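Working notes for the structure below.
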Amino acid sequence: MDTSKSQQLFSAAQQLFPGGVNSPVRAFRAVGGQPLFIDRGQGAYLYDVDGNGFVDFVLSWGPLILGHSHPAVVAAITETALRGTSFGAPSELEIKLGRLIQAFMPNLEMLRFVNSGTEATMTALRLARAYTGRSKIVKFEGCYHGHADMLLVKAGSGVATLGLPDSPGVPAASAGDTLVVSFNDIPALEMLFNQKGHEIAAVIVEPVAGNMGVVPPEPGFLESLRRLTTECGALLIFDEVMTGFRVHLGGAQALYGIQPDLTTLGKVIGGGLPVGAYGGRKDIMQMVAPSGPMYQAGTLSGNPLTMAAGIATLEELRNPEIWNNIAHTTTRLGNEVCAAAKDAGIKVVVQQVGTMFTTFFTDLPVKDWSSAKLADTSKYAEFFRLMLEEGVYLAPSQFEAGFLSSVHGNIEIEKSINAIKIAFHHLAKG
Ligand SMILES: Cc1ncc(COP(=O)(O)O)c(C=O)c1O
């Protein structure tokens with residue numbers, strides 16, 4: 001595969017941007033080689049600047065549930081742009097998208113749009129602290145909630161991929177109020193709440209973890225979180241930035257029937273444009289300025305282009321068949337990966353929820369960060385490179401979710417399965 005133009009651009013980018021990228025995992029460091037520079041995305045495919053095409057299972061890390069350049073999304077952005085790109089004043093589009101989100105997630109009695117998932121989680125925690133008058137927060141090892149100081153503690157995603165310790169630059173005071181528990185560990189959680197429950201403002205959780213690879217909650221885990229937080233007067237925050245519209249049309253809260261107090265969203269609701277949102281119980285949300293004293297603002301929040309792309313995306317998803325088909329295709333792909341691995345004598349565990357999946361190079365189910373870490377990352381790296389050669393673009397890290405879209409059809413799945421068979425065959429030969 002000729003990647004000479006990408007290589008030239010990467011040299012130039014390295015002079016300008018730390019590591020040559022504007023977000024760490026894009027740099028391919030965990031899998032070796034150099035990142036591809038993308039020229040365009042069309043449907044289920046990414047095309048790099050050298051003209052190579054790939055079936056894309058990253059989809060901008062989840063947002064593109066309708067694939068690249070979906071005609072309805074492109075039309076909505078184009079039409080909206082002709083009337084202006086930002087007003088710094090309210091527009092009806094915000095109400096439309098807000099109502100659409102609410103139709104899928106009725107638990108969000110009120111919400112606020114922001115510009116990224118990081119902003120959403122950071123603010124939801126400020127709000128929880130404002131509401132409860134407490135300062136401690138609980139997060140889970142391997143869960144990633146964006147890069148706010150207090151959340152860069154035992155975080156998954158790029159932090160885990162790069163094997164970074166908790167980031168320098170985070171003041172001890174910021175991280176000191178963050179308590180960390182192992183995902184799915186109910187006894188540890190109970191012990192923590194027994195000791196410190198009255199000091200805890202909120203528990204934030206990826207209800208299906210996606211940032212250590214896909215790790216579903218074990219039966220009783222989310223229920224315990226709900227019970228313990230309610231008993232202690234702490235708030236439960238579901239970070240559905242990734243799982244929203246990905247594990248179920250109503251998010252993990254609908255899939256598992258648990259009502260959090262606050263929810264954070266991002267990715268899919270912006271149809272591929274920068275977005276975040278937080279929302280939930282009205283009595284809590286009314287603490288947000290200007291209706292209440294907790295301050296949060298944003299120059300570009302509720303941006304019309306983002307709102308238009310989000311509306312177009314969620315309008316399509318109102319037809320449940322579209323989402324069901326994506327989930328069905330994801331299951332089919334997962335089954336084929338397992339069958340191919342068995343044939344080749346390769347040990348993998350495929351974990352899938354809805355339209356998200358991870359192929360872990362391990363032989364035991366992954367239920368938390370300790371078990372995720374047992375995966376053979378060098379094997380994954382080799383798998384990633386082989387798949388790229390065969391025209392399939394996977395996440396450049398073992399500890400990430402893969403995503404499907406409505407335009408991943410039979411042709412793309414067949415092509416990917418063939419690629420997987422070839423890659424597994426090579427891996428088996430050692
Ligand atoms: C669960 C979760 N929360 C928060 C974030 C941060 O979102 P953003 O990258 O938009 O700041 C991410 C990003 O991947 C995420 O997966």
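Secondary structure note: in region 71-317, about 40% of the DSSP beta bridges are antiparallel.
Annotation: the residues 131, 256, 295, sorted from fewest to most other C-beta atoms within 10 Å of their own C-beta, follow the order 295, 256, 131. Taking GluC sites (Glu not before Pro) across region 212-305, none is in a DSSP loop with at most 15 further Cβ atoms lying within 10 angstrom of its Cβ. Between 327, 375, 103, the GNM of the chain built on Cα springs shorter than 10 angstrom shows 103 fluctuating the most. Model label points for residue 415 and residue 42, set 7 angstrom from Cα along the Cα-to-Cβ axis, are 1.1 nm apart. When the P(r) is computed for region 218-357, the part past 28 Å accounts for 34% of the Cα-Cα pairs.
The ranking of 322, 137, 95, 237 by Cβ neighbour count inside 10 Å, starting from the fewest, reads 95, 322, 137, 237.
Give the Debye-formula value of log10 I(q)/I(0) at each listed q (0.14, 0.27, 0.32 Å⁻¹), with one equal scatterer per alpha carbon of region 183-227, two decimals each. At q = 0.14, 0.27, 0.32 Å⁻¹ the computed log10 ratios are -0.35, -1.06, -1.24.
Centre-to-centre separation between the Cα atoms of region 65-108 and those of region 213-278: 22 Å.
Gain on full extension, evaluated as 0.36 nm per residue between residue 347 and residue 74 minus their Cα-Cα distance, stands at 94.1 nm. For region 312-430, the Kirkwood estimate of hydrodynamic radius, built from reciprocal distances between every pair of different alpha carbons, is 14.9 Å. The alpha carbon radius of gyration of region 71-317, expressed as a multiple of 2.2 N^0.38 Å, is 0.99.
Available extension along the chain between residue 148 and residue 14 is 45.7 nm, counting 0.36 nm per residue and deducting the alpha carbon span. Since only 354, 176, 299 are under comparison, the one whose Cα sits farthest along the positive direction of the charge dipole of the chain, derived from C-beta charges on Lys, Arg, Asp and Glu, is 176.
Within the listed set 331, 230, 355, the residue fluctuating most in the Gaussian network model of the chain (springs between alpha-carbon atoms under 10 angstrom) is 230. Since only 189, 260, 286 are under comparison, the one whose Cα sits farthest along the positive direction of the charge dipole of the chain, derived from C-beta charges on Lys, Arg, Asp and Glu, is 286. Placing a label point 7 Å from the Cα of residue 339 along the Cα-to-Cβ direction, the residues of region 400-415 whose backbone N falls under 20 Å of that point are 404, 408-415. Taking the chain as a Gaussian network of alpha-carbon nodes connected by springs under 10 Å, the highest mean-square fluctuation of the residues 291, 167, 371 belongs to 291.
The equivalent ellipsoid of region 1-98 has semi-axes of 31, 17, 13 Å, largest first, where each one is the square root of 5 times an eigenvalue of the Cα gyration tensor. Taking the three principal axes of the alpha carbon atoms in the chain, the coordinate ranges are 58, 54, 46 Å, sorted in descending order.
Given R0 = 41 Å, the distance between the Cβ atoms of residue 60 and residue 231 translates into a calculated FRET efficiency of 0.55. May I ask you to list the lysines whose Cα is less than 25 Å away from that of residue 415, ignoring any residue fewer than eight positions away on the same chain? Partners found: 342, 347, 379, 429.
Read-outs throughout are calculated quantities, based only on the coordinates presented, and are distinct from any laboratory measurement. Worth saying up front: this structure is predicted, and the values here are computed from it rather than measured. Cβ sites come from the backbone with ideal geometry, for glycine too, and all protein chains shown count toward neighbours.
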